[in-house]
Amino acid sequence: ISLIVVYFPSTDMALTVTCEDFTEQGGIVNEEITVSTWVDLLTITLCSNRATGFEWELKEITGKEDMLSLKESEYFPPDEGAVGAAGKEVWTFGVYRKGSGNITMEYSQPWEDGTKGNWTYHLEIDAH
C-alpha cells in the first residue's frame with residue numbers, strides 16, 4: 001500500500017493603494033485581479049487619514065455564495081511625529097470558492113451631513 005500526499009501551500013495576496021493613486025485617478029481606483037482559489041486571504045491596504053474624519057466603508061461585496069467574506073479591518077495611524085499625515089486601513093477578506101466577485105469601498109465621513117464617497121475603490125476578482 002502506498003500513500004501519496006499532495007500539499008498545496010496556502011498563499012495570501014496583498015494589494016496597496018496610496019493617497020497618490022486616488023489623486024492621480026480622479027478619486028476612483030478600479031482594479032481587476034485573477035487569483036487561485038488557493039489564495040486564503042486577500043489583504044487590501046488603503047490610504048486613510050482619520051484626522052480629517054474620513055474612513056473607509058465597505059459598500060458592497062458580491063460573488064457566488066460564500067465566495068468572498070470580510071474577515072477583519074484595522075486602522076493604523078501614521079508614524080509618530082507625522083502630524084496630519086495619512087495612516088492606513090487594512091482590510092482582510094477570505095477567498096473561498098471559484099467564481100467572480102466585486103468589492104466596492106467608499107472613503108467618507110460617517111456622520112449624517114458628512115462628505116460621502118470622496119474616494120471610491122472597486123476591485124473585480126476572478127477566482128479559478
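Restricting the first residue to segment 116-128 and requiring it to be touching a residue at least 12 places away in the same chain (Cβ under 8 Å) and closer than 12 Å to Leu42 by Cβ, which pairs with a second residue that is open to solvent by 30 Å² or more (accessible area, probe 1.4 Å) and not in a strand (DSSP E or B) meet a Cβ separation below 7 Å and a spacing of at least six or different chains?
Between residues of segment 116-128 that are touching a residue at least 12 places away in the same chain (Cβ under 8 Å) and closer than 12 Å to Leu42 by Cβ and residues that are open to solvent by 30 Å² or more (accessible area, probe 1.4 Å) and not in a strand (DSSP E or B), the close pairs are Ala127/Thr37; Ala127/Arg97; Ala127/Lys98.
Among residues belonging to segment 25-39 that are under 15 Å from the mean Cα position of the chain (by Cα) and surrounded by fewer than 13 Cβ atoms within 10 Å (Cβ to Cβ), point out the one that is modelled with the lowest pLDDT.
Thr34
Identify, please: which residue in segment 9-21 is part of a strand (DSSP E or B) and of a type in the set (A, V, I, L, M, F, W, C) and is, among those, farthest from the chain's Cα centre (by Cα)?
Met13
The values are calculated or read from the model by the stated rules, or taken from the named source; none is laboratory data. What you see is a predicted model; the values in this text were computed from it and never measured. So basically every Cβ, Gly included, is an ideal-geometry build from the backbone, and we count neighbours across all protein chains shown. Keep in mind that these areas ignore ligands, DNA and RNA; they rest on the heavy atoms of the full protein, side chains included. Shrake-Rupley method; radii C 1.70, N 1.55, O 1.52, S 1.80 Å.
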